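Worksheet: the structure to be examined is printed underneath.
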Amino acid sequence: ICDIINETEEGPKDAIRAVKKRLNGNRNYREVMLALTVLETCVKNCGHRFHVLVANRDFIDGVLVKIISPKSNPPTIVQDKVLALIQAWADAFRSSPDLTGVVHIYEELKRKGIEFPMADLDALSPIHTPQRGVPEVDPATHMHNPQPQPQPRVGTAPPFTGTLPPTYTAPQIPSLQVSAGPITANSEQIARLRSELDIVRGNTKVMSEMLTEMVPGQEDPSDHELLQELNRTCRAMQQRIVELISRVSNEEVTEELLHVNDDLNNIFLRYERYERYRSGRAAQGANNGVSGAHGSCNTAHVD
């Protein structure tokens, strides 16, 4: 479903239409919970085109809030799921001007005394891709007309450009001693590790944005080269993260490492699907070319 949303022009609109059909007035709450899970997954794995449709007031207030209205009186588990999604998206999209519809609804609900479930927002998987230096453009035109973008600010992930930026380098993971037993890191080392995990998250977000925007087989060679470089870099990062998961004795840090590792696994799956689709299109194009060549030869022979 996420691939369809990301790779087709009408994918985001079709997906929202299907989700609304499953949620509006549905008293089969098992089906509602499954639809909410699909919606949550799509928000985490799809790009800005889909986020705009989800985070606006019409969808949040007209669909999600209506599910938990007193008139509907859904089970507590459904109420908690809806409120948790609204809370998570409000936190994630707060800094995006065109995605603040959900933020306004969240604040209105809090003013009305609605109690939201307890959630560690910092531990949630990243939702949206990094903010661009210039407004997002249509993927089809972006591939052929790359626009120059300003240099990223310190501490932010490099923006996706149409030309190959400086090669990414692996983050400087603290040189914690990897022994047979657990690693006890001091506060300074933990702070440094967390800042470097932010770099990993940034690279993952850039990779996610590229996979969302690029069309397999129609991408600029330099864009594909950058994507491959990101994949190699992220895989090298993951090796160190996996190594640290079983060594670091701080539970909070271990949880963060697990979340980052999950995000990396998800992005690797998307990358592998992209490459398979790209290879399939290339093979199909080659076969068509061979067929065309044979056809022209036969015609020449008959003439």
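The values are calculated or read from the model by the stated rules, or taken from the named source; none is laboratory data. Not measured: the values here are computed from a predicted model. Positions of Cβ are generated from backbone atoms using ideal geometry, with glycine treated the same way; all protein chains shown enter the neighbour counts. Protein only, heavy atoms only, side chains kept; ligands, DNA and RNA dropped before computing areas. Shrake-Rupley method; radii C 1.70, N 1.55, O 1.52, S 1.80 Å.
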In the range 1-101, the GluC sites (Glu not before Pro) that fall in loop regions by DSSP, at most 14 other Cβ within 10 Å: 9, 10
Gain upon complete extension [residue 276, residue 235; 0.36 nm per residue less C-alpha separation]: 13.0 nm
7 Å from Cα along Cα→Cβ at both residue 107 and residue 31: what's the point-to-point distance in nm? 3.7
Name the long-range amide H neighbours of residue 248: under 5 Å, sequence gap of 5 or more, or other chain; modelled H, no Pro or chain starts. 183
Out of residues 5 or more away from residue 26 or on other chains, whose amide H comes under 5 Å of its own, with H placed 1.01 Å from N in the peptide plane? none
For residue 246, solvent-accessible area (1.4 Å; no DNA, RNA or ligand), Å²: 80
Under 20 Å from residue 71, Cα to Cα: lysines that are on another chain or at least 8 residues apart: 20, 21, 81, 110, 112
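With a probe of 1.4 Å, find how much accessible area the range 69-120 has per residue, and write the answer as a whole number in Å².
57
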Label residue 22 and residue 58 with points 7 Å out from Cα along Cα→Cβ: what is the distance between them in nm? 2.1
